[in-house]
Amino acid sequence: MLELIKHKVEFCVVGGGLAGMCAAIAAARRGVKTLLMHERPVLGGNASSEVRMWVCGTPGEIETGIIEELRLENLYRNTTPCYSVWDSILYEKVRFQENLTLLLNCSCQDAVCEEGKIKNIKGYQQTTQTFHEVEADFFADCSGDSILAPLTGAEYRWGREAKSEFNETLAQDSADRRTMGLSCILQARETDSPRKFIPPEWAYTYPDDDSLPPRDYKMDRFQNYWYLELGGDRDTIRDTEEIRDELLKIAFGLWDYLKNHGDHGLENWCLDWVGFLPGKRESRRYVGDYILNEEDILNGRIFDDAVAYGGWPVDDHHPGGFNYRGEPNLCIRLRKPYTVPLRSLYSANISNLFCAGRNISTTHVALSSSRVMATCALLGQAVGTAVHFAVANGCSSNRETAQKYTRAIQQALLEDDCYLPGFRREISPCCANAELRASANDPAPLRSGIDREIDGEANAWICAEGSSAEYILPAGEKVREIRLVFDSDLKRDHLNMVSNYTLVPAVYTPPETLVQGFSVEIDGAEFFRCENNHQRFVVIPVDKECRLIKLVINKLTPGRDTARVFRFDFC
C-alpha cells in the first residue's frame, strides 16, 4: 500500500502556472498558510520550459504586481535568455516563500465535497509514489483545465456560445463545443557553419509552399510558430495525446520544409527544441456569479468589483488550426483596457472554490482576450488576496468574501502595486498628514495614489542623482513599512523570452529607467541602502517611531540624467 500524507492548510491552490503561482504567493505573503499542488516538474505552465509560450498581456500597459517582479528578476539574472534560468526564478519564488508548501509532480485526482463545499482533495506524486490529501478552508483551481469542476460538480461551460445568449456580435449563430486549439512550439538556433536536418520517417512532408497553409514562416528571435495548432474541433482534454502526435508530425515536417525544401536562408540553422507538451488555450470554464462577455471587453468596462484588468486583443483562433487554409485567428485590438470582476473568479455553486487563469467565468469571445498569461497572473494575485480577507475575517464562502470585502481587496491589490483602471490607491492617514518636501521638483505625485503614467500624465516625481525627498512626521508616529515604486518602463517590449537563438545572442538587462541605487534615512541616520536595484516595487519593513523619513537617489543608469519615482509613502 502506498503512503498517504495529510496536509491541513488554510488555502490550497491546484495548478502552478503563473495564475496559480501568483495566487499562492499573494496569499502566503499575507500570512495565509498555503499549499500549491502542481502536476508538472517545473512551474510556469505555458510559460515554462516545457511549453515556452510568451507571457503576453496588455500592449503598452505592462502588468505590475507579482508578475512584474518575476519579469524584472528575469531581465536582471537571465542575461542571455535561458529557459532553465527562467524556470529557476519561478521555482525559488514559490519554493522559498514563507507560509507556502510546494508539491511538484503531484496530480490532483479526487475531491471530497459536503453540502456544496470542498472538504479535501487528493493528489498522487509520481516521483515519490505517495498520495497527498489536502484539507483547506478555501481552494483555487488554477489548473487551466479546471480539474476540480468534474471532481466537485462545479458548474462549467465548454465551447462557443450562440450570439443570442449574450448579444455577442463575434459569437456563433448556434452554440457548439468547438474551442481554440493546442500548440507545440519549436525553437531553432543559428550556428556559424552549415547544419543538415534528417527528418523522422513519421513526420509530414511539405515539398513546396502550396503544400502548407498560408502563414508567416520567416525566422527571427520572436517567431515561435504559435500557429502550429490543432484540436479546437476535438476534445482538448480527452484527445490531448492524439493531438500532440499530430502536432509533432507537423512540427518536424515544417522544419524539414524550412531546411530542405526551397531557399529559406537557414543553411546554418539547426533545430534546438520541440515542445512535447502542448500548450492549451481553452477547455472548461467555470460559471461564476458573473460571466465576462464581449461587451465588457470591447467597451473597456470598469466594474465596481474590479480586481484585475486585461487588454490583449480579441484573439480568437480558428478551431481547425493548422489544417485551416484561411486566417488562423481573428484579431481585434482594444481601444482601452477592461476590468475583471471578482464575481468571475469563483464558482457559483461550490462555496469555497475560487478560480484564476484561462478557466475563469467568461464567454468564449471574452476568453480570447483574458486567457493570456500576464492577465492570468493578475487574476491569480487577486484570488490570493481575496482569500487572505476570507481567512482573516472568518468568511464561510467565496460569495460572502466578495460581498463584504471587495473594497478592502481592491485597496490591498493597489497597495501591492497592482493597477486597477479607474481606481486610486488610498494614502494612509499618517502619510497624508506628514509634511512632504523635495530637494528639487514637485514631490506631490509620490503620494497621489497613482503609480504609473496614464493618458500622458506622468504621475511621478522627477529626480536626478543626488535628489532627495523627505517626510516630516508628527512626534512619535510609528511607521510599519515604507513602499517605493520606481519606473520600470511599462511601455517596453513585454516578451519575457526569445523564441529562437541567433548567432549574436540577445542580452537582457533591467529597464534603464529604473533607479539603480538609493538609500532611506530615518531621523538623520541611514536605515536602508540598495546599490543594485532591479525592481519596480520595493517594500522596506520599519516597525519603529519616526520623525523624519528621507529617500536619497544615489545612482541612475549611466547616461541618464533623470528618473521617475511614482511612489514614496509609508503606513
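The values are calculated or read from the model by the stated rules, or taken from the named source; none is laboratory data. Predicted model, so just to flag it, every value in this text is computed and none were measured. Every residue, glycine as well, gets a Cβ built from its backbone with ideal geometry; the counts of neighbours run over all protein chains shown.
Which pairs have Cβ atoms under 8 Å, sit 6 or more apart or on different chains, and link a residue in the range 464-488 that is assigned by TED's automatic domain parsing to the domain that holds Arg71 to one that is modelled with pLDDT of 95 or more and aliphatic (A, V, I, L, M)?
Matching pairs, first to second residue: none at all.
Just a yes or no: is a residue in the range 444-454 buried (at least 22 other Cβ atoms within 10 Å of the Cβ) and assigned to a helix (DSSP H, G or I)?
yes
Checking the structure you have, find out if any residue of the range 353-376 is within 19 Å of Ala27 (Cα to Cα) and over 15 Å from the mean Cα position of the chain (by Cα).
Checked the range 353-376: at least one residue is within 19 Å of Ala27 (Cα to Cα) and over 15 Å from the mean Cα position of the chain (by Cα).
Scan the helices (runs of 4 or more DSSP H) fully inside the range 46-159 and keep the ones with 3 or more residues being under 16 Å from Gly20 (Cα atoms).
66-77, 83-95
Examine the range 310-319 for a residue that is of a type outside the set (Lys, Arg), at pLDDT 95 or above and within 21 Å of Gly16 (Cα to Cα), and state whether such a residue exists.
Filtering the range 310-319 for residues of a type outside the set (Lys, Arg) gives 310-319.
Now narrow it down to the ones that are at pLDDT 95 or above: 310-319.
Narrowing further to those that are within 21 Å of Gly16 (Cα to Cα): 310.
There is at least one residue in the range 310-319 that is of a type outside the set (Lys, Arg), at pLDDT 95 or above and within 21 Å of Gly16 (Cα to Cα).
For Arg425, are the conditions met, namely being in contact with a Gly (Cβ under 8 Å, 6 or more places away or on another chain), on the phi < 0 side of the Ramachandran plot and in a loop (DSSP other than H, G, I, E, B)?
Yes: the conditions hold for Arg425.
Looking at the range 515-571, what strands (runs of 3 or more DSSP E) fall wholly within it and have at least 3 residues that are of a type outside the set (A, V, I, L, M) and either touching a residue at least 40 places away in the same chain (Cβ under 8 Å) or touching a Gly at 6+ places or on another chain (Cβ under 7 Å) (or both)?
537-556, 563-570
Mind counting the residues in the range 112-136 that are touching a residue at least 60 places away in the same chain (Cβ under 8 Å) and more than 21 Å from Leu2 (Cβ to Cβ)?
5
Condition (residue is outside the structural domain of Ala149 (by TED's automatic domain parsing), assigned to a strand (DSSP E or B) and touching a residue at least 40 places away in the same chain (Cβ under 8 Å)) applied to the range 256-270: is it met by at least one residue?
yes
Only residues that are within 19 Å of Ser499 (Cα to Cα), more than 18 Å from the chain's Cα centre (by Cα) and in contact (Cβ under 8 Å) with a residue 24 or more places away in the chain: list them for the range 79-105, please.
Thr79, Thr80, Pro81, Ser84
Does Met37 satisfy the condition of being out of contact with any helix residue (DSSP H, G or I) (no Cβ under 8 Å at 6 or more places or on another chain), crowded, with 20+ Cβ neighbours inside 10 Å and either of a type in the set (Ser, Thr, Tyr) or within 30 Å of Asp137 (Cα to Cα) (or both)?
So Met37 fits the description; yes.
Only residues that are part of a strand (DSSP E or B), surrounded by 14 or more Cβ atoms within 10 Å (Cβ to Cβ) and of a type in the set (D, E, K, R): list them for the range 476-505, please.
Filtering the range 476-505 down to residues part of a strand (DSSP E or B) leaves 476-486, 501.
Filter again for surrounded by 14 or more Cβ atoms within 10 Å (Cβ to Cβ), leaving 477, 479, 482-486, 501.
Of everything in the range 476-505, those that are part of a strand (DSSP E or B), surrounded by 14 or more Cβ atoms within 10 Å (Cβ to Cβ) and of a type in the set (D, E, K, R) turn out to be Glu477, Arg483.
Can you tell which of Val383, Val365 is in the same structural domain as Leu353 (by TED's automatic domain parsing), more than 16 Å from Gly311 (Cα to Cα) and in contact with a strand residue (DSSP E or B) (Cβ under 7 Å, 6 or more places away or on another chain)?
Values: Val365 fails: more than 16 Å from Gly311 (Cα to Cα).
Exactly one of Val383, Val365 is in the same structural domain as Leu353 (by TED's automatic domain parsing), more than 16 Å from Gly311 (Cα to Cα) and in contact with a strand residue (DSSP E or B) (Cβ under 7 Å, 6 or more places away or on another chain), namely Val383.
For the range 175-219, how many residues meet the condition of being among the acidic types (Asp, Glu) and either in a loop (DSSP other than H, G, I, E, B) or within 28 Å of Met497 (Cβ to Cβ) (or both)? So that I can check it myself, show each step before the final result.
To start, the set of residues in the range 175-219 that are among the acidic types (Asp, Glu) comprises 176, 190, 192, 201, 208-210, 216.
Of the ones still in play, those that are also either in a loop (DSSP other than H, G, I, E, B) or within 28 Å of Met497 (Cβ to Cβ) (or both) are 190, 192, 201, 208, 216.
Residues meeting the conditions: 5.
Going through the range 216-238 one residue at a time, which ones are farther than 18 Å from Trp269 by Cβ, touching a residue at least 40 places away in the same chain (Cβ under 8 Å) and of a type in the set (Lys, Arg)?
Selection gives nothing.
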